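Written out below as structure tokens is the structure these notes cover.
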Amino acid sequence: MTPTFTSARKVGRLLAVVAASIVLTACAGDAELDTLNDLAGPEAQAIDRFMNWILLVSYVVFAIVLGITMYAWKNFRIKTDEYEEGDWPEQIHGNTKAELAWTAAPAIILAIVGVFTISLHSSLNSADSNQINVLVGGENVSWEPEIVVVGQQWWWEYQYHFGDVELTAQRIENLPTPDITTATQMVIPVGQEIELEITSRDVIHSHWIPSLNGKRDAVPGRQSAPWKIEADRPGVFFGQCTEFCGLSHSRMRMQVIALPMEEFQEWVTAQMQGVPLEPETQAYVEALVAGEVPSPETAEQRAVATFRGKCASCHLMEGVADDLWSEEAVADQLVAGAAPNLTHFSSRTTFAGGIRNVWDVETGEFNQNDLREWLANPADIKANFTDPVSDDDSRMRGMPNLGLSTQEIDDLVALLEATGPKPSMDIIEQTGVEG
Ligand code: CUA
């Protein structure tokens with residue numbers, strides 16, 4: 001007795017399971033990172049079209065290979081369970097024509113696919129030199145939309161340098177001070193090609209906004225060739241770091257907010273301003289900068305004192321602690337240069353690497369609870385690493401527990417809320433994340 005061939009029924013069942021799992025994995029109706037639907041830009045659409053063609057080709061190849069296999073199985077198998085050696089079908093060996101055909105055909109198919117791959121790749125890597133006018137500090141500046149994207153453990157920084165600044169192939173530490181620095185959320189004008197200069201401050205990350213473009217690695221010490229994105233309509237597009245980069249890799253998310261040009265300009269104007277402090281707080285800051293040691297009297301003054309004492313070695317807040325962030329201090333690494341700029345914290349809608357809402361999605365209220373929890377012990381919300389990574393690298397990864405008192409936390413929460421301006425309810429809803 002020879003073993004019986006697996007019954008057709010078993011094969012059928014197996015095929016059903018495979019087919020069901022393939023179909024069911026596609027069952028995420030409103031997935032934020034869907035690469036098949038909600039494509040909002042020419043780059044993502046070009047990749048999608050290309051993928052569809054490749055799929056089509058692979059379906060055809062699959063059908064041909066499967067067809068030949070089934071044909072051979074049906075026609076050349078031994079049709080009985082019991083057979084003698086003499087029952088074997090005639091064995092053949094060597095067929096030059098067939099061998100040439102099955103060598104040449106895949107080579108030709110791959111060559112054709114290769115030509116289209118390279119041409120798509122080079123078009124994704126080339127940027128148009130489109131210019132738009134942006135009002136910066138009351139002056140009309142011609143800007144070729146370009147944003148520096150900096151990955152770090154575990155959040156994304158976006159730098160805007162307006163005017164004629166050479167960003168391509170610059171190392172991050174050689175770049176001038178940006179006009180605007182945001183974290184976790186990149187705001188772009190609709191219908192404009194935006195060049196991304198992607199780099200990293202520590203390990204390799206990967207930046208990917210599926211609705212707008214393919215992914216691009218963020219490699220420390222080098223800046224990628226321009227990688228472009230463009231949104232063809234206003235909206236919010238989610239992304240996620242796609243290169244395993246350590247403990248909180250899964251909590252390294254980002255969003256692109258595409259705004260019509262006028263709203264983008266409003267955003268730029270607001271971001272260029274300092275924190276709207278109360279007049280007596282401004283006077284308090286000026287006294288501190290002048291070297292005096294006034295004692296804080298209001299809640300906001302207390303918050304400023306706490307911020308300068310405990311937050312400012314890592315976080316910049318313009319108008320509150322920029323004197324501590326002199327160029328020399330940055331160069332001497334007296335300040336970390338690698339924590340989110342908090343000048344307009346509450347103009348953003350997510351924090352902690354895009355995993356918590358700054359504003360309550362339902363009520364529109366400032367999300368004090370999550371922020372209190374975060375300030376009390378960041379590691380409760382987002383796993384981090386606040387011991388030195390190695391002897392020659394004393395930087396920490398993630399925000400440490402600063403041992404803030406309840407009073408200090410209350411003061412800081414109020415200061416952070418005041419940074420503003422508060423985004424529209426529409427944006428708050430669209431960017432809302434599940435905490
Ligand atoms: Cu950054 Cu994964």
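How do the pairs read when you match residues in the range 281-294 that are over 19 Å from A414 (Cβ atoms) with residues anywhere that are of a type in the set (G, A, S) and open to solvent by less than 60 Å² (accessible area, probe 1.4 Å), using Cβ under 9 Å and keeping only pairs 6 or more apart or on different chains?
Hits for this filter: V293/A287; P294/A283; P294/A287.
Of (1) under 20 Å from P210 (Cα atoms); (2) surrounded by 10 or more Cβ atoms within 10 Å (Cβ to Cβ), T25 satisfies all except one. Which?
It is condition (2) that T25 fails.
Quick one: R372 ticks every box in (1) modelled with pLDDT of 90 or more; (2) open to solvent by less than 50 Å² (accessible area, probe 1.4 Å) bar one, so which box is it?
Going through the list (1) modelled with pLDDT of 90 or more; (2) open to solvent by less than 50 Å² (accessible area, probe 1.4 Å), R372 breaks only (2).
With the requirement that a residue be surrounded by fewer than 20 Cβ atoms within 10 Å (Cβ to Cβ) and touching an Asp or Glu at 6+ places or on another chain (Cβ under 9 Å), what does the range 260-285 give you?
Q271, M272, Q273, G274, E278, E280
Taking the range 178-208 as the search range and keeping residues that are part of a loop (DSSP other than H, G, I, E, B) and within 15 Å of A44 (Cβ to Cβ), which one is least open to solvent (accessible area, probe 1.4 Å)?
Only one residue tops the list, namely E193.
Scan (1) without any contact (Cβ under 8 Å) to a residue 40 or more places away in the chain; (2) away from the ligand (no atom under 12 Å from the Cβ) for the single condition Q170 breaks and write down its number.
(1)
So, E43, is that one within 20 Å of the chain's Cα centre (by Cα) and open to solvent by 70 Å² or more (accessible area, probe 1.4 Å) or not?
no
For the range 159-182, name all the residues that are touching a strand residue (DSSP E or B) at 6+ places or on another chain (Cβ under 7 Å) and of a type in the set (G, A, S).
G163
Give the range 47-96 a look and list any residue that's open to solvent by less than 100 Å² (accessible area, probe 1.4 Å) and in a loop (DSSP other than H, G, I, E, B), or say none.
Matches in the range 47-96: I78, T80, D81, Y83, P89, G94, N95.
The values are calculated or read from the model by the stated rules, or taken from the named source; none is laboratory data. In this text the structure is predicted, and so the values were computed from the model without any measurement. Using ideal geometry, Cβ is built from the backbone for each residue, glycine included, and neighbour counts are taken over all protein chains shown. Areas reflect the complete protein model, heavy atoms only, side chains present, ligands, DNA and RNA absent. Shrake-Rupley method; radii C 1.70, N 1.55, O 1.52, S 1.80 Å.
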